[in-house]
1. Determine the relative contact order of region 5-47: mean sequence separation of Cα pairs under 8 Å and six or more apart, normalised by residue count, in whole percent.
2. Using unit Cβ charges (K, R positive; D, E negative) and no other charged atoms, how large, in debye to the nearest 20, is the dipole of the chain about its Cα centre?
3. Rg/Rh for region 22-112: what does it come to with C-alpha atoms and Rh from Kirkwood?
4. For the pairs Lys26/Lys96; Lys153/Lys179; Lys96/Lys153, flag any whose C-alpha to C-alpha distance is greater than 23 Å.
5. Can you pull the percent of Cα pairs in the chain with separation above 29 Å?
6. In nm, what is the difference between 0.36 nm times the number of residues separating Leu149 and Thr16 and their Cα-Cα distance?
7. Report the calculated FRET efficiency for Leu178 and Gln87 (r = Cβ-Cβ distance, R0 = 22 Å), to the nearest 0.05.
Amino acid sequence: MKSSPEQTNPWKTHETRLAYENPWIKVTESDVTTPGGSPGIYGLVHFKNRAIGVIPVDAGGNTWLVGQYRYALDTYEWEIPEGGCPQGESHLEAAKRELQEETGIIASDYELLADNIALSNSVCDERATIYVARELTFTTATPEDTEELAVRKLPLTEAIGMALDGTITDSMSVIGLLKLAVVK
């Protein structure tokens, strides 16, 4: 069976070199021939961890958002609890760890809401998985030393409204909240 244009890669890669690397990302630069046939350079950010998000929901229809300053955007953002899943850790275990670390919430019921989401597929290969967590109990949050977090409890409908009106701009949060609004 012949491949359709949507299934074949029209880019030709000639040489790829490492431009930068740290514990979280690797940046490469490739000499390419573009789909139109002209020479070019393509930069790619490779993420070493999988992005994990969790939307906790209690029996009363409330959820929790995490507020923090985002250095890359130079803004304060409200988001669902999120973090990274290193190789060797299951997505579910990472979701449980991140929820407890950031909010102090422990859930006994997790449901996969969205998987393999491409977060910015023109410049990076980062993928995300999002869960809904229910049957909640509470303990102490233990954020990482790189995090200064505020935790806010609010009705899930209000958080969904924040995703709809642009108050929440984080892509994982918007995707997760709007998908939950449709499937709940």
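Just so it is clear, none of the values below were taken in a lab; they were calculated from the coordinates. Just so we're clear, the structure is a prediction, and the values are computed from it rather than from any experiment. Here Cβ is always computed from backbone atoms with ideal geometry, including for glycine, and neighbour counts include all displayed protein chains.
1. Once normalised by length, the contact order is 34 percent.
2. Roughly 560 debye, rounded to the nearest 20.
3. Taking Rh as the inverse mean 1/r over Cα pairs, Rg/Rh reads 1.14.
4. Exceeds cut-off: Lys26/Lys96.
5. Looking at the chain, the distances longer than 29 Å represent 31 percent of pairs.
6. 44.1 nm
7. Plugging the Cβ-Cβ distance into 1/(1 + (r/R0)^6) gives 0.15.
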